[in-house]
Amino acid sequence: MVENAGHLFNERNLRMLPTWALANPTTSTLVLIAFGVVCSLVVEFITRTLDTGRYAWQRRLRRRIGVEEGKRISELKWLTLSYQFVLWPFIGFLLLHVWGQHDLGDRVSEVLTGQGVKIGKSHVVPSSLLLGLIWFFLLITFTRYIKKKLEEDWLPLSHLDPGVRVSVATLFGYITFIIAAMVGLSVAGLDLSKLAIVAGALSVGIGFGLQNVINNFVSGLILLFERPVRVGDYVRVGATEGFIRHIRIRATEIETWDKTMIIVPNSELISTRVENLTYGNTYGRVVMAVPVSDDCRPDQVRTVLQAVVAASPRLIQAGQIPGLGGPYVSLKDFGGGTLSFEIGGYVMNVNDRGGIASELRYAILAAFAAEGIRLTSGKQQLELLGGGLPKVLPEPAGDTP
């Protein structure tokens, strides 16, 4: 159908043009150019306002196709460019006939929509390439809408784990992108059987400079299938610590407590040590060193600290959770004028560790003030542990004798 599109504008069919257009080529030229400019401005205005969601109907449309608020629609740029490639050649074709260049117009039409241009042993038809590009971006936009429905409406009904739902939606996006690309290439007239040549060329490119890209892509697939980390998990990767927000093709986005987004290559999550504090459960542990003066009675200090941890409603008490012990108080060391006590306990949510530790500090200070117990001048040591994994703290430094 594309190949025969040019025959719609041959000399015989152009007789439908108004006689004044042929009789007044100058006026007709101005009218056609003005028509093209107006059409371009209208399309530019619509795409610009749709890209920002200026009007209510545009915001509704953006939500339906799964575009987040404030995010640009990258496909609009290519669709607008495709529209310009259709509009202005068509106006140029009409101008040739208005000025009586019927044979030249037909030859141009045949090149653009018929036999195309011969490059080597292949014929490249510009209109087919343009149509393939349009098909590709239309399918991408449609599949984005389907993926949005899948994530927000359909998969939640299945009661699957949130991480599984994210993996399914992500794989759906990969597969539909490949399908859209194959459809676009097929419409553009490319023989898919010749893609082996392209694959061979890509393998050479991979050998020279795309190893990291492919490595990150494969690592992303491993993360989605094996799921050592999932969206929403709290992880430590080297010096980076935060929540996993997105697992994308090349990298994973980790959001820190100060709302900074850290981009970590997927291969790093596979090849290096990753601490997943919420992999099996959300339990965490708070451990705190409390140094007091050695002129205090140890049994009195222990009793006060036991009362503090027992009174904390956010620490898991003994027998509350099977397999988890209750809070403890221990005398870790003494000497140098210091009695080094340690308190600790499990918490329900590893993300609450900082707040619980602060509450314990306030309670200890109030209890010590009431009992006349004096802290040493050494710094308090605090370690927040996740996943219920015990860890020995370094000993507090006392005064050297």
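Quick note: the coordinates plus some simple rules give every number you see, no bench work behind them. Because the structure is predicted, anything quoted here is derived from the model rather than measured. Glycine gets a Cβ as well: all are built from the backbone with ideal geometry, and neighbour counts include every protein chain shown.
Listing for the model above:
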| quantity | calculated |
| --- | --- |
| Residue exposure sequence - Met288, Met182 - by fewest surrounding Cβ within 10 Å | Met182, Met288 |
| Additional length obtainable on full extension of the chain from Glu268 to Gln300, 0.36 nm per residue less Cα span | 6.5 nm |
| Computed lengthening from Ser358 to Arg314, 0.36 nm per intervening residue step minus Cα-Cα distance | 14.7 nm |
| Spacing of the two label points (7 Å from each Cα toward its C-beta) at Asn351 and Thr29, in nm | 6.7 |
| Distance in nm between pseudo-label sites at Asn281 and Lys259 (7 Å out along the Cβ direction from Cα) | 3.4 |
| Likely footprinting exposure, His246, His97, fewest C-beta neighbours within 10 Å first | His246, His97 |
| Ile178-Ile214 pseudo-label distance in nm [points 7 Å out on the Cα-to-Cβ vector] | 1.5 |
| Region 267-316: Cα Rg divided by the 2.2 N^0.38 Å rule of thumb | 1.88 |
| For region 247-381: Kirkwood Rh in Å [reciprocal of mean 1/r, alpha carbons] | 17.2 |
| Packing-based exposure ordering (other Cβ within 10 Å, fewest first) of Thr272, Thr29, Thr278 | Thr272, Thr29, Thr278 |
| Built amide H within the under 5 Å cut-off of Ala251, gap 5+ | Asn266 |
